[in-house]
Amino acid sequence: MHLLEGSIKNYIELFCNAFKSLGEGVESFIIVDSIWKEIGALTVKANATIPASFGRRIPNIAEDRTYMTAEGYMVWATMYAPILLRGRFRHERYYLHWIKFVSIIERCVQFSSTALERQQLRADIHQWYTEYERIFYQYNADRLPTCVIVFHAWIHLVDLIEKSGPLWAYWSWAMERYCGLLSRAVSSRKHPYSSLNRRILEIQTLNSIRNMYDLDDRLPIYTPMYTSEPPPSYHDPARYPELTLLHPQSTISFERHGLLDLRRRIAVHLATRYKVDIATAIQAIVPSVIQWGKVRIEDSDVVYSSLGYSRKEDNRRDATFIQYELLVDIHARRRAVEPEFEPRTFFGRLDRVFICEVQPNDAMGITEPIPLLLMDVKTCNVAQDRFGFYEYTTYGPSEVVDGTALRALVGRIMDRGKWVFVRRTGVIEHEEFDDDDD
């Protein structure tokens, strides 16, 4: 934890010319003050469009890092910075050096690794550290303060992983969170430990009372020990083993709610899926469907539907955009050529997620009702930049896709007039972060 915090903090101070008054020497890695302030402002704005499950809100990185935690530094370094630092340096090699460091972080915190992966990681760390010395130390005795121990420690990190196991097994973020919870209870500057001891005793006493008298659902809702009855949900382990639909639940009628365009999009999906015409597909669609507010991806995130979840707080962080994958015929415009399908990545806003029970239809080969988990998605017209990031400025048409196409919840960062998608990977994708303002 402190290794990450110290390394990223020193990098930031080097980039913004605040590292022990050393300057940049013979290199040119310092980001000018006006650009750095812009990066800080964009960081704050991006908090609203990064899901809360990705990590806590990040303060203005250019103006105030007083309350930055190890988690905050890691979230900014691995999710915000790769997008916001593109094209900000005077030479691209500094950005590529930073991306190499981010790649090392992501691989170090993976749940598991093979011997071959660790061998490659070791080689990449040595290459990265050599670059670091060349760029920042410059083999100049006057710049020796840049060779701090937190950077040197990375060289031995693979040895630590092989001797003690993956880093997630003994990282300190859980303790950092617990200390943060206790620190709020300190009411005396003269006797802080008395406040901490009292808070720990109160928490554990409440836990004991709850467990002894089976009061899970009787405690105040705002307490962390409160456990309510699980709300209704929908899970089809046979067809959609990785997805669970969550409350709120409602029934929507195409006719009564003016959603005939949604019914047509469903028909287009069924016509493509079962190779029939749209008129035939419409006959198999029931007059109403069951809509759900959220969908949980197994061992991952919860995606909120934009139109199916009615709670709209001012400080809510957007968790409605998704990455999904469809098989696309690469010869679609050449009807005489045999279809050849390949998977392609798409992005969009999840407007609705619902269960549509398709009725028996001879032309479609359906002999009994089939419940399909479908998503109504507002597509984004995406393009990839030279670094591989997906970005967009305009929306495309809405389309209905099957739930099996869903791959991940994604966040967005507005950078220089374009929305750029950000997706957490590896252990960061599976670790749950709580955010009080969501």
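Annotation: the residues K9, K163, sorted from fewest to most other C-beta atoms within 10 Å of their own C-beta, follow the order K163, K9. I need the shape label for the chain. Rule: rounded when a/c is under 1.5, else prolate if a/b > b/c, else oblate, with a, b, c from the alpha carbon gyration tensor. Oblate. Among G55, G40, G365, which one moves the most in a GNM of the chain with springs linking Cα atoms closer than 10 Å? Of G55, G40, G365, the Gaussian network model singles out G365 as fluctuating most. For the stretch 2-173, a crude dipole built from +1 on the beta carbon of Lys and Arg and -1 on the beta carbon of Asp and Glu, taken about the Cα centre, is about 240 debye to the nearest 20. Put in line by how crowded their Cβ is, counting other Cβ atoms within 10 Å and starting with the fewest, C380, C147 read C147, C380. Contact order for the stretch 2-173, expressed relative to its length and based on alpha carbon pairs under 8 Å spaced 6+ residues apart, stands at 23 percent.
Ignoring lysines fewer than eight residues from K20 along the same chain, the ones with Cα atoms less than 25 angstrom from its Cα are K9, K37, K100.
Helix 33-46 and the longest principal axis of the C-alpha atoms of the chain enclose an angle of approximately 40°.
For the chain, the longest principal axis of the C-alpha atoms and the axis of helix 92-108 are separated by about 80°. Distance from the C-alpha centroid of the stretch 55-82 to that of the stretch 1-34: 15 Å, rounded to the whole angstrom. Of the residues A77, Y67, S310, the one whose Cα sits farthest towards the positive end of the charge dipole of the chain is Y67 (charges of +1 on Lys and Arg Cβ, -1 on Asp and Glu Cβ, taken about the Cα centre).
By how many degrees, 0 to 90 and rounded to 10, does the Cα axis of helix 192-213 deviate from the longest principal axis of the chain? The angle comes out at about 30 degrees. Taking other C-beta atoms within 10 Å as the exposure proxy, F136, F387, F354, F29 rank F387, F29, F136, F354 from fewest upward. Mean residue ellipticity at 222 nm, helices only, the chain: -10000 deg cm²/dmol; runs of at least 4 DSSP H residues each add -39,500 (n - 2.57), and the sum is divided by the number of residues. The string of couplings for the stretch 349-359 from the Karplus curve (6.51, -1.76, 1.60, θ = phi - 60°) is 9, 6, 7, 9, 10, 8, 9, 10, 8, 6, 7 Hz, one whole number per residue in order, with x for Gly and Pro.
Any read-out appearing in this document is the output of simple, stated calculations on the displayed coordinates, not a laboratory observation. On a predicted model such as this, the values are computed, not experimentally measured, just so you know. Don't worry about glycine lacking a Cβ; one is built from the backbone with ideal geometry, like all the others, and counts go over all protein chains shown.
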